[in-house]
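Chemist: Got a structure here, written out as structure tokens. Questions coming.
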Amino acid sequence: MRAAWYERQGTARDVLQVGSMADPTPGAGEIRIRMAASGINPGDTKKRVNAFGYGMPYPRVIPHSDGAGVVDAVGDGVSSEWIAQRVWCFGAQSYRAFGTAAEYAVVPVSLVVPLAASVSFEQGACLGIPAITAHRCVHVAGPVEGRWVLVQGGAGAVGVCAVQLARRAGARVIATIRSAGDEETARQAGAHHVLSTGAALLERIRELAPDGVDHIVEVAFGANVGTDLEVLALNGSIATYATDAATPSIPFWPLLFKNIRVFFVGSDDVPADAKAAAARDINKALAGGWAGFNIASRFPLDAIAAAHDAVDAPTTRGRVVIIL
């Protein structure tokens, strides 16, 4: 099969290679997918440059955890009914060496989800990490029906999923955006209110939720924790999946006196039942008419280095995918 890989960490053009490898064979409990599209997340490019400081976990890594395609083989213990099904997958390169940037990917059946005929492979390839992260961030502190949920960064990949999932769960959703051009994206995802970040943000949120917001989905914990504290209701909560600063300072006593709960959400280690619930709910959202993501760029496998660069230095809002 054709595949992309790296055997050392560094810049995309320095370390990514494209070539031929043996076709993988599914083992017990596994499924092989003939990949149609491979989604690229910021975490994939960060692993490639060792941004998290964990080094090379395997001698050779085929990148990307998310993808979509058609099942063409199954291992022992897996129903043959999976054969020829359209699917999306997640976690293909989480605690595993070989991800979806290849013509074939083998993953445990627990990481494979049916993909409706009405949903493109490109959309399916983008669902995994953003959908699971967003779902966990929305629901980790408890039910949100009838409650105020603030989604910081409501036009990003996780943000639009969080807005959609919170709206479908019955929350009153406020989304923040960085520029006016992102407003339509957040509104299409289902936000009741879309607010631009800036000096007037606190005042606008307080006008909408004078008793405070109940829960916040946070994309920039270090930069926003002070603002979050100001707008949270007593006994409110924050679920954060990213930060602008690796070691942020926090207003400990004010958070304590308000009894604020803070949840740190990493998609790889979300409990299995929560991942399954996320997959079900995001599929329901797509079936219910959610349009999904804007696909900004499509690259062939041979141009994977340029695709990684497009994720690291985006010029257009939207997702980047490899077409296989």
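The values are calculated or read from the model by the stated rules, or taken from the named source; none is laboratory data. The structure presented is a predicted model; accordingly, all values stated were derived computationally and were not measured. Cβ atoms come from the backbone with ideal geometry, glycine included; neighbour counts cover every protein chain shown.
Chemist: Is there a residue in region 93-102 that is assigned by TED's automatic domain parsing to the domain that holds residue 298 and free of Cβ contacts under 8 Å to residues at least 40 places away in the same chain?
Modeler: Yes, region 93-102 contains a residue that is assigned by TED's automatic domain parsing to the domain that holds residue 298 and free of Cβ contacts under 8 Å to residues at least 40 places away in the same chain.
Chemist: In this structure, does residue 244 turn out to be touching a residue at least 12 places away in the same chain (Cβ under 8 Å) and either surrounded by fewer than 17 Cβ atoms within 10 Å (Cβ to Cβ) or not in a helix (DSSP H, G or I) (or both)?
Modeler: Yes; evaluated as a whole, the condition is true for this residue.
Chemist: Now, a different point. Under the condition of being β-branched (Val, Ile, Thr) and out of contact with any His (no Cβ under 8 Å at 6 or more places or on another chain), which residue from region 271-304 is modelled with the lowest pLDDT?
Modeler: 295
For (1) exposed (fewer than 15 other Cβ atoms within 10 Å of the Cβ); (2) farther than 19 Å from residue 159 by Cα; (3) not aromatic (Phe, Trp, Tyr), each residue gets a yes or a no:
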position	(1), (2), (3)
210	yes, yes, yes
217	no, no, yes
227	no, no, yes
233	no, yes, yes
252	yes, yes, no
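Chemist: So which residues in region 181-231 are of a type in the set (Gly, Ala, Ser) and either within 28 Å of residue 247 (Cβ to Cβ) or not in a helix (DSSP H, G or I) (or both), if there are any at all?
Modeler: Correct list: 190, 191, 196, 198, 199, 200, 209, 212, 220, 222, 223, 226.
Chemist: Looking at residue 51, is it at pLDDT below 95, assigned by TED's automatic domain parsing to the domain that holds residue 306 and of a type in the set (A, V, I, L, M)?
Modeler: Criteria met by residue 51.
Chemist: While we're here: Being closer than 25 Å to residue 143 by Cα, polar (S, T, N, Q) and surrounded by fewer than 22 Cβ atoms within 10 Å (Cβ to Cβ) is the filter here, so list the residues in region 169-192 that pass it.
Modeler: 188
Chemist: Right, something else. Residue 143 fails exactly one of the following numbered conditions: (1) surrounded by fewer than 21 Cβ atoms within 10 Å (Cβ to Cβ); (2) in contact (Cβ under 8 Å) with a residue 40 or more places away in the chain. What is the number of that condition?
Modeler: Result: residue 143 passes all but (2).
Chemist: Separate question: Right, residue 162: under 19 Å from the mean Cα position of the chain (by Cα), at pLDDT 95 or above, assigned to a loop (DSSP other than H, G, I, E, B) and not β-branched (Val, Ile, Thr) or not?
Modeler: Judged against the criteria, residue 162 is not a match.
Chemist: So, one more: Would you point out the residue of region 311-324, among those that are surrounded by 14 or more Cβ atoms within 10 Å (Cβ to Cβ) and free of Cβ contacts under 8 Å to residues at least 40 places away in the same chain, that is farthest from residue 297 (Cα to Cα)?
Modeler: Taking the candidates together, the pick is 314.
Chemist: Something else: Would you be able to say whether some residue in region 75-87 is in contact (Cβ under 8 Å) with a residue 60 or more places away in the chain and not in a loop (DSSP other than H, G, I, E, B)?
Modeler: no
Chemist: Residue pairs, Cβ under 9 Å, 6 or more apart or interchain, first in region 17-37 and in a strand (DSSP E or B), second among the basic types (Lys, Arg). List them.
Modeler: Every condition considered, the pairs that remain are 18/2; 19/2; 20/2; 36/86; 37/298.
Chemist: May I pose another question? Is it the case that some residue within region 114-137 is outside the structural domain of residue 81 (by TED's automatic domain parsing), within 14 Å of residue 277 (Cβ to Cβ) and in contact with a His (Cβ under 8 Å, 6 or more places away or on another chain)?
Modeler: no
Chemist: Could you identify the single residue in 247, 243 that is hydroxyl-bearing (Ser, Thr, Tyr), over 17 Å from the mean Cα position of the chain (by Cα) and under 29 Å from residue 47 (Cα atoms)?
Modeler: Going through 247, 243 in turn, the sole match is 247.
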